[in-house]
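Visitor: One structure follows; several queries about it will come next.
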Amino acid sequence: MTRELVERARGGDREVFESPAAAVIGNLFNIAQPRTPAPRSGRTVSSVRTRASTLVVALSALAISACSASPPAPSIAPSQVSAQPSSTIAPTPTASPALTPGVGTSSEDTLGVSVPADTAAATMLHVPVLMYHRVMPPSLLKVDERWPDLYVDPVTFDAQIAAMKSRGWHTVTTGQLAAAVMARRSLPSHSVVITFDDGRPDNYTYAFPILKKYGFVATFFIVSGRIGRTSHITASQLQEMAAAGNELADHTWDHTDLTTLTYAQARFRIRAAADAIESLVGVRPTTLAYPYGHYDSTVLAAADAEGMYLAFTVHAGAWESAATRLFQPRLRVQGLVRQADGSYSGGTTAQQLLARLAPYAD
């Protein structure tokens, strides 16, 4: 029943919004439902779409909750999921040798994945993908902030973007990078991808205006089940960012470590997040960032089955190919450091970032 409501809500069926189920969900998630008669001319299409998208997200949340309540795995039609997880990934055929992925173990690790020296240059790109999480003034961090290194000072972020712009760097999204990888074509020199994980409000408040200031765009990996919750970005903010050319990509529904789930459960969480993003902005994501950077052969198979062209880890590096597309590295931008006096400062400077990008300029 919930799945049916999700599909009807996504299709714009007005009866869904006026149904008893929608009323209950609206109370639970504080969703304003459309009223009759039809919206006046002053009500924007985007506001109605936001409410519709929010209802879809809410219905999906109930669907996931219902599935989780019936261990061990969510209920997915056999035609959609094979009975056994695949231990191998079959990327687009390539002349380059297959690579064996490592297994991510921590968001802090920098374990690399070996790239054979004889991998054909024509099939390997070296586009740097920068990994950020948060952009926030140091004064706003908690005194006992557990992960200050995930926060970049807006002043520093502005300097980093300005420096890249001045050196001729230009941004592409992970979707554009994925298209190049799958088509085995190169991107213009000085291409760089900027990514943000988790979908926190400061991505909109601080990072987004700075990106706009310099004509840059970024890919925001969104935990779709948390949209609109406390300490997370809202649907309308995401729509505004997407309308400005930024990309919304998959960071799963609830940020569960996918390596702790079954194949079916991992697929379900990847798919639910993609469904919510597509409902919100009309574009289905084709790239994924693994929560905590964790993955294994079962997770790789799930990502592949759900149509992810590229999936990103926390391994350090800058190379992309069809053979490695489901365990791509990124370059982490170091954030703030707690000083002896308890204040926060430091992190990757603009010049340090340029130096790190330099090997990938051509």
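We did not get these values from a lab; they are worked out from the coordinates using the rules stated. On a predicted model such as this, the values are computed, not experimentally measured, just so you know. No Cβ is skipped: glycine too gets one built from the backbone with ideal geometry, and neighbour counts run over all protein chains shown.
Visitor: Please list 3J(HN,Hα) in residue order for the range 211-219, calculated via the Karplus relation 6.51 cos²θ - 1.76 cosθ + 1.60 where θ = phi - 60°; whole Hz, with x for glycine and proline.
Guide: After applying 6.51 cos²θ - 1.76 cosθ + 1.60, I find 4, 4, 4, 9, x, 9, 10, 9, 9 Hz.
Visitor: For Met241, Met182, what ranking results if the residue with the fewest other Cβ atoms within 10 Å of its Cβ goes first?
Guide: Met182, Met241
Visitor: Counting other C-beta atoms within 10 Å, which of Val192, Val181 has the fewest, and how do the rest follow?
Guide: Lowest count first: Val192, Val181.
Visitor: Would you calculate the separation in nanometres between label points at Ala361 and Lys142, each defined as 7 Å from the Cα along the Cα-to-beta-carbon direction?
Guide: It works out to 4.2 nm between the two label points.
Visitor: Where the eigenvalues come from the Cα gyration tensor of the range 236-362, what are the semi-axes √(5λ) of the equivalent ellipsoid, largest first, in whole Å?
Guide: 28, 19, 17
Visitor: So, one more: Sort Asp149, Asp197 by Cβ crowding within 10 Å, fewest neighbours at the top.
Guide: Asp149, Asp197
Visitor: Could I ask something else about it? Which one, Ala323, Thr348, Leu238, projects farthest toward the positive side of the charge dipole computed for the range 227-362 from Cβ point charges (K/R +1, D/E -1)?
Guide: Thr348
Visitor: Mind checking the dipole of the range 125-175: about its Cα centre, +1 per Lys or Arg Cβ, -1 per Asp or Glu Cβ, Debye to the nearest 20?
Guide: For this selection, approximately 180 debye.
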